[in-house]
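Undergrad: Please see the structure below; I have some questions.
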């Protein structure tokens, strides 16, 4: 199992211990699984968490737009990735600029932390 998959498993376990709803955990697990799959070439392990930097995150975000996902789905996927503090998930999740059409009140995404 990759370092990234182990970190995601720990993060999801922690969400459960913090009494996050089963619905939230299921959706975050799906979103994070898709996140890992995006960065994994067929038959290879995903990169180490520290290797996922700002440009790669922007590339992933662009792929979500290219798939023409509903803005709510994109916001949830971003929230799943951004709500995982590096201290818990050990992923370098640099702030990804939120396009104006995606911003919520205050210019933050649900689940994001300042």
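The values are calculated or read from the model by the stated rules, or taken from the named source; none is laboratory data. Just so it is clear, the structure is predicted and the values come from calculations on it, not from any experiment. Backbone-built Cβ (ideal geometry, glycine too); neighbour counts: all protein chains shown.
Undergrad: Run down 58, 75 and say which single residue is buried (at least 19 other Cβ atoms within 10 Å of the Cβ), in a helix (DSSP H, G or I) and at pLDDT below 85.
TA: Values: 58 fails: buried (at least 19 other Cβ atoms within 10 Å of the Cβ).
Sole residue among the options that is buried (at least 19 other Cβ atoms within 10 Å of the Cβ), in a helix (DSSP H, G or I) and at pLDDT below 85: 75.
Undergrad: Of (1) within 20 Å of residue 72 (Cα to Cα); (2) free of Cβ contacts under 8 Å to residues at least 40 places away in the same chain; (3) surrounded by fewer than 16 Cβ atoms within 10 Å (Cβ to Cβ), residue 42 satisfies all except one. Which?
TA: Every listed condition holds for residue 42 apart from (1).
Undergrad: Considering every residue within the stretch 37-49, establish whether at least one is in a helix (DSSP H, G or I) and at pLDDT 85 or above. Before the answer, list the steps.
TA: Looking only at the stretch 37-49, we keep the residues that are in a helix (DSSP H, G or I), and these are 37-38, 49.
Next, only the ones that are at pLDDT 85 or above stay: 37-38.
Checking the stretch 37-49: at least one residue is in a helix (DSSP H, G or I) and at pLDDT 85 or above.
Undergrad: In the stretch 17-32, how many are part of a helix (DSSP H, G or I) and surrounded by 13 or more Cβ atoms within 10 Å (Cβ to Cβ)? Please lay out each step first, then the result.
TA: Within the stretch 17-32, the first condition is being part of a helix (DSSP H, G or I), and the residues that meet it are 17, 22-32.
Keeping just the survivors that are surrounded by 13 or more Cβ atoms within 10 Å (Cβ to Cβ) gives 24-25, 27-32.
Matching residues across the stretch 17-32 total 8.
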